[in-house]
Amino acid sequence: MMVNRKKPPLLGIPPSVKITDLAARHGFQPKPEEEKRAMRDKFKLELARESLNVPAPNSRSSLRYDTEVDDAWASLPVTSVHFYERNPRKANNEAYAELKESIRVNGILQPLSVTKRPGENHYILFAGGNTRLQAIRDLWEETGDEKFRETRVIVKKWRGESAVLLAHMAENTQRNDMTFWDKANGTLELKKQLEDENGQSLSFRDFESALKKAGVQVNLQSISAYRFAVERVPDIGPWLSGLSVRNIQPRLNLLLKLANHHDLEEDTFYSQIVTPAAKGIAQDVLAGEAFSADQFQAAVERALSSRLDIEARDMSRMLTAIERFPNMTLEELRKLCKPTPPASSAASAQAPSAILRAGRGETGPETTAHAKAAPQSDISKTRTPTVSVNVTGNNPSAAEQDPSPVEAGASESGSPLPAPENRVVELVQEIVVQAGLGSCYEAAPDMPLGYVMGFPKDGPLDLKEQAQSRQAAWWVLSMASSQFDPDICRAGLDEANVWRGLILEESDAQTLGGLELEIQHNIGVQGEFLAIPWLMNTENPIAGACLSLLSLIREVRP
């Protein structure tokens with residue numbers, strides 16, 4: 001028969017007495033839960049490190065105790081993994097809230113990769129993962145749930161600071177969540193780190209190759225844009241994009257060439273012209289205004305214009321000349337700014353009405369002697385009425401007649417005009433509306449057709465949609481208006497008219513190509529020589545109207 005004997009109490013302590021109570025009686029206090037958890041985490045971290053570093057008992061490996069096993073798996077407390085302090089991505093991840101919720105429900109699906117610097121006891125992120133680590137850390141602190149206390153990681157062997165920086169660049173680039181400014185700073189920081197580790201400078205071509213081998217897709221053009229942003233315009237760097245830099249950099253290079261012509265060195269140009277303009281734009285953006293690359297360029301141009309004491313219009317012509325003729329001298333550039341020469345006494349003595357009547361084939365006491373000096377209009381001997389074009393509508397019939405004494409379809413005497421002249425007016429109006437040249441059209445009652453084609457006020461024509469059609473239509477209308485004749489412009493346009501000043505300067509042998517440069521800058525190179533296939537394109541209504549106008553001009557020409 002078995003006898004059930006009770007075990008004697010441990011150390012003679014009755015079972016009713018708790019060890020914690022006994023310890024308290026003797027002055028021992030239990031450790032707080034946070035301290036006990038930290039000790040457990042430390043112990044587990046040390047255990048994980050030893051298990052990673054110590055080879056199997058029968059292994060012949062020569063691994064040392066402090067050697068990291070590359071690509072080994074481990075489970076580490078989230079508080080023992082540190083963020084990479086040199087992470088090139090500085091901007092906050094806009095998808096942080098969604099990522100955090102996903103980790104709360106599913107955990108980290110893609111394990112973090114970590115590494116450890118020599119001599120340090122904590123791990124750092126090896127290739128991205130800063131947002132994931134932040135999310136799981138926040139969940140652990142907010143909930144205290146054990147499933148967020150640790151995370152699975154892949155341990156990478158330490159390969160150097162540049163390798164970690166490069167891995168973060170590659171990871172962030174693949175995720176496409178880096179701003180242009182972060183890419184620029186990270187790329188140049190990586191180049192400096194590689195040079196420090198190798199003890200020698202690295203060419204940008206070799207640097208490009210190194211980045212591509214690591215999976216960072218970049219080219220020399222991008223690296224040049226990064227350098228420009230970081231070294232030249234850092235004050236507006238956070239708001240730059242690749243597209244804005246591609247617009248700003250060539251323009252500033254052009255302005256720098258003009259500054260060099262005036263003995264303004266590159267460092268002075270950027271420190272005294274560009275940097276103050278950039279700081280001003282940055283202050284405006286921080287105050288709530290939207291960043292605009294165009295406004296920044298305009299601020300730089302105004303500052304340079306003031307510094308060089310050059311009128312804005314003259315500086316624009318100089319820049320266009322330098323862009324097209326890089327070897328122009330300062331003296332040649334200054335010729336572009338020469339004031340409009342005064343009209344000759346003979347020409348100024350002629351009344352505009354007399355020249356126009358001579359252009360229409362009429363004679364009078366004041367025109368007989370000047371008949372040869374004032375060539376006839378290319379359109380007709382009969383004056384065509386002035387037309388005011390409705391530039392906002394698409395329907396040519398919506399155009400309103402200018403309240404001129406000469407109504408459409410009638411001559412100055414009130415008699416009906418021949419049908420061809422009326423059709424010329426209609427075609428001019430139709431082309432202006434269809435080609436969207438309303439900002440170029442200027443009413444000029446004393447010109448043969450009552451208008452002159454100026455330059456667009458909303459940007460060059462060659463940068464707009466249907467550029468070829470717009471440019472070609474501008475050339476057809478400008479040729480039809482006879483505005484390339486200096487004598488007709490002198491008589492038919494006001495002295496303040498921009499085109500009049502340009503065409504008269506062009507006739508002055510001492511002035512260098514100002515009209516050509518303005519056309520190059522505002523209209524573009526296409527269109528001056530009309531392509532026959534374009535004119536014969538039956539599906540292009542603008543080309544059809546231009547062809548009709550040209551045919552009609554041949555019909556009414558005397």
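The values are calculated or read from the model by the stated rules, or taken from the named source; none is laboratory data. None of these values were measured; they are calculated from a predicted model. Glycine also receives a Cβ, built like all others from the backbone with ideal geometry; neighbour counts cover every protein chain displayed. To get the accessible areas, we keep the full protein, side chains included, count just its heavy atoms, and leave off ligands, DNA and RNA. Shrake-Rupley method; radii C 1.70, N 1.55, O 1.52, S 1.80 Å.
Given a 1.4 Å probe and every protein chain left where it sits, what share in percent of the accessible area of segment 245-342 is carbon and sulfur?
46 percent
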- Item | Pair R423, K257: separation of 7 Å Cα→Cβ label points (nm) | 4.8 nm
- Query: What FRET efficiency do you get for A97 and E142 if R0 is 22 Å and r is their Cβ-Cβ distance, rounded to the nearest 0.05?
  - Reply: 0.95
- The simple spin-label model distance between E516 and H122, using points 7 Å out along Cα→Cβ, in nm, is 6.9 nm
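Once the other residues with Cβ under 13 Å from the Cβ of V285 are scored (Lys, Arg +1; Asp, Glu -1), what is the net sum?
Numbers: positive: K279; negative: D235, D284, E289.
Residues close to V285 contribute a combined charge of -2.
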- Task: Report the FRET efficiency, 1/(1 + (r/R0)^6), for Q272 and Q466, where r is their Cβ-Cβ distance and R0 is 60 Å, rounded to 0.05.
- Result: 0.90
- Checking rank on 254-266, 24-36, with mean other Cβ inside 10 Å and highest first, the result is 254-266, 24-36
- Loop trypsin sites (Lys or Arg not before Pro), segment 427-509, which have at most 16 other Cβ atoms in a 10 Å radius of their Cβ (DSSP): K457, K464
- Extension gain (nm, one decimal) between N106 and T329, 0.36 nm per residue minus Cα-Cα: 73.3 nm
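How much accessible area per residue does segment 176-271 have, counting only protein heavy atoms and a probe of 1.4 Å, in square angstrom?
51 Å²
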- Message: Highest mean first, how do 121-133, 270-282 rank when packing is the count of other Cβ atoms within 10 Å averaged over residues?
- Response: 121-133, 270-282
- Note on the structure: If the chain between E189 and E311 were fully extended at 0.36 nm per residue, the gain over the current Cα-Cα distance would be 39.8 nm
- Message: Please compute the length gained on full extension between S241 and S203, using 0.36 nm multiplied by the number of residues separating them and subtracting their Cα-Cα distance.
- Response: 11.2 nm
- Message: Could you tell me which residue out of M315, G288, Y270 lies farthest along the dipole of segment 262-333 toward its positive end? Charges go on the beta carbon: Lys and Arg +1, Asp and Glu -1, centred on the Cα centre.
- Response: G288
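Taking all protein chains in place and a 1.4 Å probe, what share, in percent, of the accessible surface of segment 101-185 do carbon and sulfur account for?
Roughly 45 percent, rounded to a whole number.
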